[in-house]
Amino acid sequence: MQQSVMKAWWDSSHMAGGNAAYIEELYEAFLEDPNNVSDQWRSIFEGLPKVDGVELDTSHSTIREQFKALAALGPAARATSNAPSKTSTSDDKQVKVLQLINAYRFRGHQHANLDPLDLWKQPRVRDLELSHHNLTEKDFDTHFNVGSYAIGQETMTLKDLFTSLNRTYCGSIGSEYMHITDTEQKRWLQQRIESVQAKPEISREEKIHILKGLVAADGMEKYLGSKFPGAKRFSLEGGDSLVPMLKGLINHAGESGAKEVVIGMAHRGRLNVLVNVLGKNPSVLFDEFSGKHDESLGAGDVKYHAGFSSDFATGGGNVHLALAFNPSHLEIVNPVVIGSVRARLDRRNCSDGSAVLPITIHGDSAIAGQGVVQETFNMSQTRGFQVGGTVRIVINNQVGFTTSKTEDTRSTQYCTDIAKMVQAPIFHVNADDPEAVLFVTKLALDYRNTFKRDVMIDLVCYRRHGHNEADEPNATQPLMYQKIKKHPVPRLIYADQLTAEGTIDAHEIEKLVSEYRAALDHGACVVPEWRPMTEHSVDWTPYLGHDWDAEYDGTIEKDKLIELGRSIVNYPESVKLQSRVKKLYGDREAMLAEEKLLDWGMAENLAYADIVSRGTSIRLTGQDSGRGTFFHRHAVLHSQSDGAEYMPLQHVSENQGRMEIYDSVLSEAAVVAFEFGYATAEPGTLTIWEAQFGDFANGAQVVIDQFLSSGEAKWGRLCGLTLLLPHGYEGQGPEHSSARLERFLQLCADHNWQVCVPSTPAQVYNMIRRQAIRPMRKPLIVMSPKSLLRHPLAISSFDELTDGIFHNVIDEIDDIKSEDVKRVIMCSGKVYYDLLEQRRKNEQSDIAIIRIEQLYPFPHEEMAANITNKYKHVKDWVWCQEEPQNQGAWYCSQHHFWGSIPDGAKLTYAGRTASASPAVGYNAVHNQQQKALVDDALTL
Ligand code: AMP
């Protein structure tokens, strides 16, 4: 069929086998971009053979052979490759012209005028020269077909085309988009860029708006510089266009239907953005410079990490703005922002991202250097983490602290090359041309809104001062700073441009500058678009002011619990379960019929069912969270007949909360940061991250240290995120035994979070429900089990669940008379069962074993009332743990243990000796150690 199409064309064509070189070139142009060739050629090339719908990797010589073969089907004269060429010189040139267009689309950015300091050493790109395409100025007056070049004309003289290409692709904007494989996206971008030659007409009003933004950006820094000389402010100077850019972006977002914009940025330029975009009162900032601070924010943070919220009036109505608080660890705030956006989108039931826009602002060294950037890009199109695209802006001041040589900072041509992994278009733009900046900004947003994908703007600028204002940049960047010293500020450059073209006169400019300065003197908000907050849709007040021991009613009727249980063992007939899963679901039915006691997986699923039935939503992510790393959860069923997924927890009751479980990308840092962002934006959803093995949380250490443990103390932001971290010594070696309990305990203070080690199904059920039902929002760190998931003793009855109480301490369960007790062993987690079994074997009745299920905040009152008092005659108290002595709870919680034993009693340690590694690698040694520590604890 395809052959006949081609043959028909061939017979009617003036081409012949001898013109294969021409066809080859055309084909090459087609391969670069199908739009490069005429419709007729495109349909021919698109008709080339495919295997199972996939184009063959057809080399040019193969193509030539195919055309020769086809020619052989036609008149004999056309069959030989020796046939005289019928290609005219102008046909040849026509192809070359198309290739020239393509070369500019691919590589024009390499000749673009991007660096305000003109320090970039641009390589000479031969593809952008006429001679490379066998064209010369002699061809300038010839008209050529411009193929898909979206200038609105079919033909142009070479001269006009060449000028146009240079204007479009080598001006203040370097566009990189030809790495995108999707033709529709490429065509869309070409249309937008080429139709206006990357420089649309802009109105006087817009120009004045831009100028005002530059006046504000410059005025603010100068003001701070003169009022607080030498104080760190991480000035924006050099990247001043960011202010009109962000304002333009927010306004355009509002006009496009966005209701909220969440911004993440590091310290550079942040004070400027706070005052000139978000509308923070300058007087508040000046107070902070003078040392005053908001007492309500606890330990607080430096002013250039501060977040802020406000509303902003746009042409499409008010938009809520939230600038995320962030630590110094660069780039880590970006997944936090995106998680926060996902929460807001979920709240608004908006799945396409249109209602909330994330903007992440990066540094040039950090975006290339920090792995979390890659992780975040990788998440951008996944089910559980997508937000309809992020507008990413790099403040590319060409220096990271004191390192500016690109051979030291990265191994890629541009700092933005990482964006190509998701085929994001990248617009490099000279920050000294604010009109070009605004053009790419609107283009980027429209791209994001149209295709729901990430897009990148590389704002190429410079840094007028050192890393901070007390630094001496000449010490490390002498040549760059000699240039910067002589380089006029962006406001002056643009003001000169506007006066030269007659848009505004010098007097009016002076007036703008002095009015801005007077506004700063006055100290009130300097952003005319600022509005008081009404657009954000969540009220945090019910969650404020509670502590972990706040009263709540967690009781549940047994019948209700069984009814919930029925709903989660129910699945449609069309779902064919795998045999082991089927058995597990059968067991769950037996549990509901009270033929079996409840196991961990069932109790955990019951907790989720109860929570969603109350209308509260749940979001659970982790590397294997649907099934559970250890095959215990099976909350997501996979039908064996067609692979379809079914989640019983989504069918619990009519008006239930949203239930989402996603197997996450294989990342910890970005995923935990995302979930932190989600949980800090949505108190109404129980947000849970589960580690595959607890030690994987190491990969998210920066999030744990800088957000989770300290976010409330630094920023007053509550967060109810729960981490489920499988932990327990079962001979799996150094990497999969410990969730590093000691690290979490070491970070405990100010009741910043809860650290729990539940040991029974009833406990996990009530712990999870407590976290959702109680109005307090504090992180919950859980040392969750592995082998305990199937331990014959780790089972619970319905009655243990229905009381709704999570027991922070569990007293001895065997029939041991307190007056006979000579030793009390305190422990947490799986080792309890080892101790219990061995004591039963030993038939010892003079040792009580106490479980401390919440290690922080330590349950002093419960311990005193129920344990210390009961065993007050006992002088021998032991803390037993599986972890080496320098790890686990021994050192970090010892002061709490001492506080819980009777006066005059001694406290000793039973456990592994100190070790550099969390666990031994050999199972036999592990068993020996485990037996020894249990024996040690039980030997009087
Ligand atoms: P946002 O939507 O993030 O701009 O937040 C709007 C307002 O809600 C903030 O100004 C805070 O008063 C409050 N708020 C937001 N997030 C939290 C949080 N995690 N904890 C406590 N209050 C919050």
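Read-outs throughout are calculated quantities, based only on the coordinates presented, and are distinct from any laboratory measurement. Keep in mind it's a predicted model, so treat the numbers as computed, not measured. No Cβ is skipped: glycine too gets one built from the backbone with ideal geometry, and neighbour counts run over all protein chains shown.
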How large is ³J(HN,Hα) for each residue in region 512-517, as worked out from phi by the Karplus curve 6.51 cos²θ - 1.76 cosθ + 1.60 (θ = phi - 60°), to whole Hz, x for Gly and Pro? 4, 5, 6, 5, 5, 4
Spin-label model distance (nm) - residue 401 vs residue 476, 7 Å beyond Cα toward Cβ: 0.7 nm
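If I take R0 = 22 Å and measure r between the Cβ atoms of residue 506 and residue 283 in this structure, what FRET efficiency does the formula 1/(1 + (r/R0)^6) give, to the nearest 0.05? Don't skip to the answer; put the middle values down first.
Working: r = 31 Å, r/R0 = 1.39.
Once the sixth-power term is evaluated, E becomes 0.10.
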For q = 0.17 Å⁻¹, what log10 I(q)/I(0) does region 287-394 give under the Debye formula with an equal point scatterer on each alpha carbon and no solvent? -0.93
So if R0 is 30 Å, what FRET efficiency would residue 822 and residue 925 give, r being the distance between their Cβ atoms, rounded to the nearest 0.05? 0.45
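Can you put 448, 187 in order of Cβ neighbours within 10 angstrom, beginning with the fewest? List each step's numbers first, then the result.
Working: 448 27, 187 15.
Ordered from fewest to most neighbouring Cβ atoms within 10 Å, 448, 187 come out as 187, 448.
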Would you kindly compute the Cα radius of gyration of region 592-676 and its largest Cα-Cα separation (Dmax), both in Å? 14.0, 44
Region 705-774 - Kirkwood radius from inverse mean 1/r over Cα pairs (Å): 13.9 Å
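Please report the equivalent ellipsoid semi-axes of region 336-462, computed as sqrt(5 x eigenvalue) of the Cα gyration tensor, largest first, in whole Å.
26, 17, 11
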Beyond 17 Å, what share of the Cα-Cα pairs of region 732-810 is found? Please give it as a whole percent. 54 percent
Looking only at aspartates and glutamates whose Cα falls under 17 Å of residue 303's and that sit 8 or more positions away or on another chain, we get 221, 287, 288, 294, 295, 469, 712
Would you grab the residues whose amide H sits under 5 Å from the one on residue 477? Only those 5+ places off in sequence or on another chain, please, with H modelled 1.01 Å from N. none
Which FRET efficiency value, to the nearest 0.05, is calculated for residue 92 and residue 378 with the Förster distance at 45 angstrom and r the Cβ-Cβ distance? 0.50
Got a sec? Which residues in region 460-501 would a label at residue 120 touch, if it sits 7 Å along Cα→Cβ and we count backbone N under 12 Å? 460-462
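Taking 0.36 nm per intervening residue step and subtracting the Cα-Cα distance, what contour gain separates residue 349 from residue 191 on full extension? Spell out each step's value before the answer.
Working: separation 158, 0.36 × 158 = 56.88 nm, distance 3.25 nm.
Between residue 349 and residue 191, full extension yields 53.6 nm more.
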dims of region 770-869, Cα set, principal axes, largest to smallest, nearest Å -> 44, 33, 24
Report the rotationally averaged projected area of region 122-235 based on its alpha-carbon convex hull, in square nanometres. 11.8 nm²
Where does region 463-508 land on Rg(C-alpha)/(2.2 N^0.38 Å)? 1.57
Partner aspartates and glutamates for residue 875 [C-alpha distance under 13 Å; skip if fewer than 8 residues away on the same chain]: 819, 820, 846, 903
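Pick out, in residue order, every one of the trypsin sites (Lys or Arg not before Pro) in region 91-127 that is DSSP loop and has at most 16 other C-beta atoms within 10 Å; say none if there are none.
Numbers: sites: 93, 96, 105, 107, 121, 124, 126; in loops: 121, 124.
Passing sites in region 91-127 are 121, 124.
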Name all residues of region 221-265 having a backbone nitrogen under 17 Å from the label point set 7 Å from the Cα of residue 468 along its Cα→Cβ direction, giving them as ranges. 224-237
Exposure proxy ranking, count of Cβ atoms within 10 Å, fewest first, for 194, 435: 435, 194
Mind giving me the nanometre distance, one decimal, between the label points for residue 587 and residue 571, set 7 Å out from Cα along Cα→Cβ? 1.5 nm
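Going by C-beta contacts inside 10 Å, put 367, 847 in order with the fewest on the left.
On the way: 367 28, 847 24.
Arranged by neighbour count, lowest to highest, 367, 847 become 847, 367.
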Averaging 1/r across every pair of distinct alpha carbons in the chain and inverting yields a Kirkwood hydrodynamic radius, in angstrom, of 31.8 Å
Per the Cauchy relation, a quarter of the hull surface: what is the mean projected area of the convex hull of the alpha carbons in region 409-533, in nm²? 12.2 nm²
Theoretical gain in end-to-end length, residue 485 to residue 183 [0.36 nm per residue, Cα-Cα removed]: 104.2 nm
Amide H to amide H under 5 Å from residue 686: which residues, 5+ apart in sequence or cross-chain, H placed 1.01 Å off N in plane? 617, 618, 619
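Quick check: residue separation of residue 446 and residue 208 times 0.36 nm, minus the Cα distance between them. What number comes out in nm? Write out the running numbers ahead of the final one.
On the way: separation 238, 0.36 × 238 = 85.68 nm, distance 2.30 nm.
Taking residue 446 through residue 208 to full extension adds about 83.4 nm, to one decimal.
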Integer Hz, Karplus 6.51/-1.76/1.60 couplings in order for region 315-330, x for Gly and Pro: x, x, x, 6, 10, 7, 10, 10, 9, 6, 5, 8, x, 6, 5, 5
For residue 144, distant residues with modelled amide H under 5 Å away: 156, 157, 158
If I model a spin label as a point 7 Å beyond the Cα along the Cα-Cβ vector, how far apart are those points for residue 658 and residue 328 in nm? 3.7 nm
